[in-house]
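First comes the structure, then the notes that go with it.
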Amino acid sequence: MLLEEFSPEQRAAIEREMERLRGADDAALLALNEDSVKRRAAWFEQNREHFTFLSEDLLESGYRLLLERFRISPEEAPVVSRTDRSITFHSLNFCPTLEACHIFGLDTRHVCKRINEDSTNVLLRQIDPRLRFSRNYEKLRPYAPYCEEYITLGDG
């Protein structure tokens with residue numbers, strides 16, 4: 001893969017992610033996760049007043065919050081199923097972690113679980129503590145054409 005395939009902004013994001021992941025063992029991935037938890041919680045607090053999409057529909061609010069945080073459109077993460085307790089969507093968006101893992105030969109199933117899942121849960125719980133984020137690690141890029149991700153609403 002050539003970085004020239006990407007826009008300057010995307011290249012910069014990949015390079016930042018490569019710097020974060022270079023030589024990272026599980027302890028370093030845990031530290032990256034803790035940093036991400038803090039940054040996402042702070043981002044929510046700093047921007048909360050601008051989230052006009054927050055509503056009584058907690059699942060939709062959670063989905064819209066993730067779109068906002070990752071600056072992606074619904075077309076880049078289309079909802080493929082919805083019940084009263086969950087939303088399933090397929091992320092197709094540009095992802096610097098995916099690209100950095102590809103360059104370094106790292107397994108996204110390992111890296112993404114350790115550096116992104118907890119921090120995304122923390123972000124969703126800013127709306128409501130019953131919201132949870134998870135992924136289907138059998139359907140995760142580059143092993144599938146999309147990352148299958150879920151937002152669920154648990155019991156009190």
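In this structure, does SER81 turn out to be surrounded by fewer than 15 Cβ atoms within 10 Å (Cβ to Cβ), touching a strand residue (DSSP E or B) at 6+ places or on another chain (Cβ under 9 Å), more than 16 Å from LEU124 (Cα to Cα) and among the polar types (S, T, N, Q)? Let's see the steps before the verdict.
On the way: surrounded by fewer than 15 Cβ atoms within 10 Å (Cβ to Cβ): yes; touching a strand residue (DSSP E or B) at 6+ places or on another chain (Cβ under 9 Å): yes; more than 16 Å from LEU124 (Cα to Cα): yes; among the polar types (S, T, N, Q): yes.
Yes; evaluated as a whole, the condition is true for this residue.
Taking the numbered list (1) under 19 Å from GLU138 (Cα atoms); (2) not in a helix (DSSP H, G or I); (3) not polar (S, T, N, Q) in turn, LEU54 passes all entries but (1).
Within the range 63-74, residues that are of a type outside the set (Phe, Trp, Tyr) have Cβ atoms under 6 Å from residues that are at pLDDT 95 or above in these pairs: ILE72/ASN93, counting only partners at least 6 apart in sequence or on another chain. Taking the stated definitions as given, is GLU34 acidic (Asp, Glu) and either crowded, with 16+ Cβ neighbours inside 10 Å or assigned to a loop (DSSP other than H, G, I, E, B) (or both)? Criteria not met by GLU34. Of all the listed residues (GLU99, GLU76), the sole one being touching a strand residue (DSSP E or B) at 6+ places or on another chain (Cβ under 8 Å) and under 27 Å from GLU9 (Cα atoms) is GLU76.
Can you find a residue that is at pLDDT 95 or above, more than 23 Å from THR108 (Cβ to Cβ), buried (at least 16 other Cβ atoms within 10 Å of the Cβ) and among the hydroxyl-bearing types (Ser, Thr, Tyr) anywhere in the range 58-68? Yes; the residues of the range 58-68 include at least one that is at pLDDT 95 or above, more than 23 Å from THR108 (Cβ to Cβ), buried (at least 16 other Cβ atoms within 10 Å of the Cβ) and among the hydroxyl-bearing types (Ser, Thr, Tyr).
In the range 105-112, is there at least one residue being hydroxyl-bearing (Ser, Thr, Tyr) and touching a residue at least 40 places away in the same chain (Cβ under 8 Å)?
As a first pass, look at the range 105-112 and keep what is hydroxyl-bearing (Ser, Thr, Tyr): 108.
Pick out the ones that are also touching a residue at least 40 places away in the same chain (Cβ under 8 Å) and you get none.
No, the range 105-112 contains no residue that is hydroxyl-bearing (Ser, Thr, Tyr) and touching a residue at least 40 places away in the same chain (Cβ under 8 Å).
Can you tell me how many residues within the range 40-51 are surrounded by 13 or more Cβ atoms within 10 Å (Cβ to Cβ), assigned to a helix (DSSP H, G or I) and not small (Gly, Ala, Ser)?
First, the residues of the range 40-51 that are surrounded by 13 or more Cβ atoms within 10 Å (Cβ to Cβ): 40-41, 43-44, 51.
Checking the rest, the ones that are also assigned to a helix (DSSP H, G or I) come to 40-41, 43-44.
Then keep just the ones that are not small (Gly, Ala, Ser); that gives 40, 43-44.
Number satisfying all stated conditions: 3.
Does the range 117-133 include one or more residues that are surrounded by 17 or more Cβ atoms within 10 Å (Cβ to Cβ) and either within 16 Å of PRO78 (Cα to Cα) or of a type in the set (Phe, Trp, Tyr) (or both)? Yes, the range 117-133 has at least one match. How many residues does the range 7-57 contain that are more than 18 Å from PHE104 (Cβ to Cβ), among the β-branched types (Val, Ile, Thr) and within 17 Å of the chain's Cα centre (by Cα)? Adding up the residues that qualify gives 1.
The values are calculated or read from the model by the stated rules, or taken from the named source; none is laboratory data. The shown structure was predicted, so the numbers you read here are calculated from the model rather than taken from an experiment. Note: ideal-geometry Cβ built from the backbone for every residue, glycine included; neighbour counts use all protein chains shown.
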